[in-house]
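Some notes on the structure that comes next.
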Amino acid sequence: MYPPDFVTLTPDKPAVILTGGPGGEDRVQTYRELAEGAARLARLLVDAGLRPGDCLAILAENHLRYFEVVWAGLNCGLYITPINSHLTAPEVAHLVNDSGARALISTRKLAGLAEEVVPDTPHVLLRLLLDGTSEHYAELDAAAAGYPAGPRDDEVRGSFMLYSSGTTGRPKGIRFPLPDTPASAGDVQLLNGTARMFGLGADSVYLSPAPLYHAAPLRVSAVLHSVGGTVVVLPRFDAEEALRAIERYRVGAAQWVPTMFVRMLKLPPEVRGRYDLSSMRVAVHAAAPCPVDVKRRMIEWWGPILYEYYSGSENFGSTGLSSEEWLAHPGSVGRPQGGVLHICADDGTELAAGETGTVYFESRGAGFSYHRDPARTKAVSHPAHPGWRTLGDVGHVDTDGYLYLSDRKDFTIIAGGVNIYPREIEDVLVMHDEVVDVAVFGVPHPELGEQVKAVVQPVDLADAGEALATRLLDHCRDQLAPFKWPRSIDFVPELPRLDNGKLYKKPLRDAYWAPASTP
């Protein structure tokens, strides 16, 4: 099913609730409003010249009407490319141009940024704002006002073309063939697996505390609208606001990233105990590795409702495990779901259980390609087995087949010929009471090649200095082998962590490798 079906069944039911806005007010979009707005916009897009296989780009914050744009594109066979609203104008222009977007829809809040990209995106045929006008952008409602609000007779199903986070290089467009299904089938590509993972149905209330331009919240929310549930959206993540939303709307399912768990655990006990979270049935998390102590404390607080998975937007493999499985295999990200795992050495040789190497998934029908980049598409495959593909992570499996991730291959530190995985050090430091966030990576060393550097975001920047560094180093010495200890610690007001939980470590590390830098 898809939103127009629920105009008949539950027209006044909330499809989207935007909660915790600037003034604390909650705003609601019903299924009737969602479906009718999407139908008018779809007709406008077709009249503007967009055809199945073309791309529609969205540059928006978490906006009440975000899914009008999503469903308009999905219902007329378009690829939908959501763009991170925190990017610079050149970065936005690159994604618009690389995706080949022929329509760009933004908001009044981001109109200045949207205007900046106009000169560099001449191929865009249609520019709209969801809630206002600017020099080159018309207001959506005014532009679509004359169109019928019902489904078109020739609707065909579109898809998403998402871009990688760019944590290890320039973002890559991830493209799949358009589905051979009618638009009315809803998000059939994800429906069965996602609905099963989250336990979703028409009575489900799902909380999205992350930005909608990221893969998981966007796709899971589309699944909710394919079964008639309600999506509750936070404008931005706030630890207490998330707990308040769970209580207020009796949220049953939500998806998180580990940094959100850390922020919630660091709330004062009286704040954490203030809210009734008994409606929660499943808390799914992914996107970044979760420190063992963090996950253990979350299970103690929320109960065994956490479900973790490891995958990527490329969709060529995944693992998953329940809380009960994790407690028996702490630190694991699970066993493969519908495919086969292979751990391989740098020369491609397959390794035994317990040995660390590059993680490959063997699965059929992956079907993806990196948009306009066949070399990158080929590079993710094993040299001897084209059907084995990697997301670029390093890890090992235990004798029961559970996968444990060490780190991104690109961030492995090689000091004196010894491999050191930053994640293990980061997991130790982030649990210190005086640390908000941490990044660990290798910096140049004249004899060893690299040595371990930690960059810390402290709870109180006024405490940054030698005394705090000494306390943190002592903390590491208690829990890590000597070769893993940071050799130096720097302090910053804030680390460049993306709001999907991923640490944008490359530019941070690159600054220490620049010729003019002094680590």
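Tabulated results
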read-out: Check on residue 231, out of contact with any Lys or Arg (no Cβ under 9 Å at 6 or more places or on another chain), in contact (Cβ under 8 Å) with a residue 60 or more places away in the chain and farther than 25 Å from residue 430 by Cα; value: yes
read-out: Filter result for residue 338 (small (Gly, Ala, Ser) and open to solvent by less than 60 Å² (accessible area, probe 1.4 Å)); value: no
read-out: Selection within the stretch 379-414 - within 20 Å of residue 320 (Cβ to Cβ), touching a residue at least 40 places away in the same chain (Cβ under 8 Å) and β-branched (Val, Ile, Thr); value: 397, 399
read-out: Residue list for the stretch 51-64, restricted to those being buried (at least 23 other Cβ atoms within 10 Å of the Cβ) and either more than 24 Å from the chain's Cα centre (by Cα) or among the β-branched types (Val, Ile, Thr) (or both); value: 58
read-out: Qualifying residue in the stretch 486-506 (condition: more than 28 Å from the chain's Cα centre (by Cα) and either part of a loop (DSSP other than H, G, I, E, B) or loosely packed, with under 13 Cβ neighbours inside 10 Å (or both)); value: yes
read-out: Within the stretch 303-317, considering residues that are part of a loop (DSSP other than H, G, I, E, B) and either among the basic types (Lys, Arg) or modelled with pLDDT under 95 (or both), the one most open to solvent (accessible area, probe 1.4 Å); value: 315
read-out: Every residue from the stretch 2-16 that is in contact (Cβ under 8 Å) with a residue 40 or more places away in the chain and either over 25 Å from the mean Cα position of the chain (by Cα) or farther than 24 Å from residue 185 by Cα (or both); value: 4, 5, 6, 9, 10, 13
read-out: Single residue of the stretch 346-378 satisfying the filter (touching a residue at least 60 places away in the same chain (Cβ under 8 Å) and over 19 Å from residue 412 (Cβ atoms)) that is surrounded by the fewest Cβ atoms within 10 Å (Cβ to Cβ); value: 367
read-out: Condition met for residue 473 (in a helix (DSSP H, G or I), open to solvent by less than 50 Å² (accessible area, probe 1.4 Å), touching a strand residue (DSSP E or B) at 6+ places or on another chain (Cβ under 9 Å) and free of Cβ contacts under 8 Å to residues at least 40 places away in the same chain); value: yes
read-out: Residue check for residue 120: of a type outside the set (Val, Ile, Thr), farther than 22 Å from residue 210 by Cβ and at pLDDT 95 or above; value: yes
read-out: Considering residues of the stretch 1-48 that are of a type in the set (Val, Ile, Thr) and not in a helix (DSSP H, G or I) only, the residue most open to solvent (accessible area, probe 1.4 Å); value: 28
read-out: Close pairs from the stretch 415-433: first farther than 19 Å from residue 297 by Cα, partner outside any loop (DSSP other than H, G, I, E, B) and among the β-branched types (Val, Ile, Thr), Cβ under 6 Å, at least 6 apart; value: 420/413; 422/440
read-out: Filter pass, residue 254 being of a type in the set (Gly, Ala, Ser), open to solvent by less than 50 Å² (accessible area, probe 1.4 Å), touching a Pro at 6+ places or on another chain (Cβ under 7 Å) and in contact (Cβ under 8 Å) with a residue 40 or more places away in the chain; value: yes
read-out: Of the criteria (1) of a type outside the set (A, V, I, L, M, F, W, C); (2) within 17 Å of residue 82 (Cβ to Cβ); (3) buried (at least 19 other Cβ atoms within 10 Å of the Cβ); (4) touching a Pro at 6+ places or on another chain (Cβ under 9 Å), which one residue 235 fails; value: (3)
read-out: Criterion (open to solvent by 10 Å² or more (accessible area, probe 1.4 Å) and modelled with pLDDT of 95 or more) met by exactly one of 219, 263, 248; value: 248
read-out: Residue 196 among the basic types (Lys, Arg) and either assigned to a loop (DSSP other than H, G, I, E, B) or open to solvent by less than 20 Å² (accessible area, probe 1.4 Å) (or both); value: no
read-out: Top-ranked residue in the stretch 152-176 [being aromatic (Phe, Trp, Tyr) and not in a loop (DSSP other than H, G, I, E, B); ranked as least open to solvent (accessible area, probe 1.4 Å)]; value: 160
read-out: Tally, over the stretch 97-151, of residues that are within 26 Å of residue 2 (Cα to Cα), open to solvent by less than 60 Å² (accessible area, probe 1.4 Å), among the small types (Gly, Ala, Ser) and without any contact (Cβ under 8 Å) to a residue 60 or more places away in the chain; value: 3
read-out: Hey, residue 338 in contact (Cβ under 8 Å) with a residue 12 or more places away in the chain, touching a helix residue (DSSP H, G or I) at 6+ places or on another chain (Cβ under 9 Å) and at positive phi or not; value: yes
read-out: Close pairs from the stretch 458-470: first acidic (Asp, Glu), partner part of a loop (DSSP other than H, G, I, E, B) and open to solvent by less than 70 Å² (accessible area, probe 1.4 Å), Cβ under 8 Å, at least 6 apart; value: 460/434; 463/434
read-out: Condition check for residue 203: modelled with pLDDT of 95 or more, open to solvent by 50 Å² or more (accessible area, probe 1.4 Å) and touching a helix residue (DSSP H, G or I) at 6+ places or on another chain (Cβ under 9 Å); value: no
read-out: Residue match in the stretch 65-77 (condition: open to solvent by 10 Å² or more (accessible area, probe 1.4 Å), more than 27 Å from residue 181 (Cβ to Cβ) and either of a type outside the set (A, V, I, L, M) or more than 24 Å from the chain's Cα centre (by Cα) (or both)); value: no
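For every residue, the table says whether it meets (1) farther than 30 Å from residue 99 by Cα; (2) aliphatic (A, V, I, L, M); (3) not in a loop (DSSP other than H, G, I, E, B).
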{"position": "331", "(1), (2), (3)": "yes, no, no"}
{"position": "335", "(1), (2), (3)": "yes, no, yes"}
{"position": "342", "(1), (2), (3)": "yes, no, yes"}
{"position": "348", "(1), (2), (3)": "yes, no, no"}
{"position": "353", "(1), (2), (3)": "yes, yes, no"}
{"position": "359", "(1), (2), (3)": "no, yes, yes"}
{"position": "364", "(1), (2), (3)": "no, no, no"}
{"position": "367", "(1), (2), (3)": "no, no, no"}
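The values are calculated or read from the model by the stated rules, or taken from the named source; none is laboratory data. All values derive from a computational prediction rather than experimental measurement. Heads up, the Cβs are rebuilt from the backbone with ideal geometry, glycines too, and the neighbour counts pull from every protein chain shown. When the accessible area is computed, the model is the full protein with side chains, heavy atoms only, and any ligands, DNA or RNA have been set aside. Shrake-Rupley method; radii C 1.70, N 1.55, O 1.52, S 1.80 Å.
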